[in-house]
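Below: one structure, written as structure tokens.
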Amino acid sequence: DAGITQSPRYKITETGRQVTLMCHQTWSHSYMFWYRQDLGHGLRLIYYSAAADITDKGEVPDGYVVSRSKTENFPLTLESATRSQTSVYFCASSEGSSYNSPLHFGNGTRLTVT
Amino acid sequence: GQNIDQPTEMTATEGAIVQINCTYQTSGFNGLFWYQQHAGEAPTFLSYNVLDGLEEKGRFSSFLSRSKGYSYLLLKELQMKDSASYLCAVPPRGQAGTALIFGKGTTLSVSS
């Protein structure tokens, strides 16, 4: 079935390690996004991408790296994980061709940094 | 910039009607979204308003007043499964295709 999938669903890593969260969508949507969700802050945008090889920073990009070599994939890498990056990470995609294009979210990755 | 305010929590009983408010300040306006998020799950799209007035979708309705920077989500005939967080969101800078800015969400608890 078409959709947006994230992996892994759960991840525990240690401070200082590099970790990559995967996101794959089968709708051929142009736009993809990474959000983190924390109590008291809600959903905050980390990075987004308008198309393959086009990415831009969001509200909280520090400590994260993204790439988009193929339209369907948008991995998020934490170069050196910190405890403050413990969060639930959501990937989303959007057709983006009009203002009323909704975001479609993946099921999230719950990341714990110890 | 953008600023979105929603109440943090609300409670209601089965069968009742509840109104969840959202106020926003944004430079350039191109609509307002409502999402529902059950605990431990992904947000899912509920509604989009760009014109003033009320739009109804079954038990859920969404209202917008652009002049007041105000929207509400109206849930009728509440059911236990409506217990969730409800997120208000707007596109920043009024640009299509960019990410949404979300409010912190309103957690609704429905009791029997």
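The values are calculated or read from the model by the stated rules, or taken from the named source; none is laboratory data. As the structure is a computational prediction, the values presented were derived from the model and not from experiment. Ideal geometry is used to build each Cβ from the backbone, glycine not excepted, and the neighbour counts take in all protein chains shown.
Observations on the model:
- Test: B:Ser61 is small (Gly, Ala, Ser) and not in a strand (DSSP E or B): no
- Residues located in segment A:42-101, provided they are among the aromatic types (Phe, Trp, Tyr) and assigned to a strand (DSSP E or B): A:Tyr47, A:Tyr48, A:Tyr64, A:Tyr89, A:Phe90
- Applying the set (1) surrounded by 14 or more Cβ atoms within 10 Å (Cβ to Cβ); (2) out of contact with any helix residue (DSSP H, G or I) (no Cβ under 9 Å at 6 or more places or on another chain); (3) assigned to a strand (DSSP E or B) to B:Leu78 leaves exactly one unmet item: (3).
- Qualifying positions in segment B:32-48 - more than 12 Å from the chain's Cα centre (by Cα) and either surrounded by 12 or more Cβ atoms within 10 Å (Cβ to Cβ) or within 12 Å of B:Cys88 (Cα to Cα) (or both): B:His38, B:Glu41, B:Ala42
- Selection count where residues are aliphatic (A, V, I, L, M), touching a residue at least 12 places away in the same chain (Cβ under 8 Å) and either outside any strand (DSSP E or B) or within 20 Å of A:Gly96 (Cβ to Cβ) (or both), scope segment A:20-41: 1
- Filter result for the condition that a residue is more than 21 Å from A:Val88 (Cβ to Cβ), under 15 Å from the mean Cα position of the chain (by Cα), at pLDDT 95 or above and basic (Lys, Arg), over A:Arg36, A:Arg68, A:Arg9: A:Arg68
- Filter result for the condition that a residue is more than 14 Å from chain A (Cβ to nearest Cβ) and either of a type in the set (Ser, Thr, Tyr) or touching a Ser or Thr at 6+ places or on another chain (Cβ under 8 Å) (or both), over B:Ser112, B:Ser62, B:Ser85: B:Ser112
- Considering the conditions (1) under 14 Å from A:Asn100 (Cβ atoms); (2) touching a residue at least 24 places away in the same chain (Cβ under 8 Å), B:Leu51 is excluded by exactly one of them, (2).
- Scanning segment B:1-54 for residues that are assigned to a loop (DSSP other than H, G, I, E, B) and of a type in the set (Ser, Thr, Tyr), we see that the one that is modelled with the highest pLDDT is B:Thr8.
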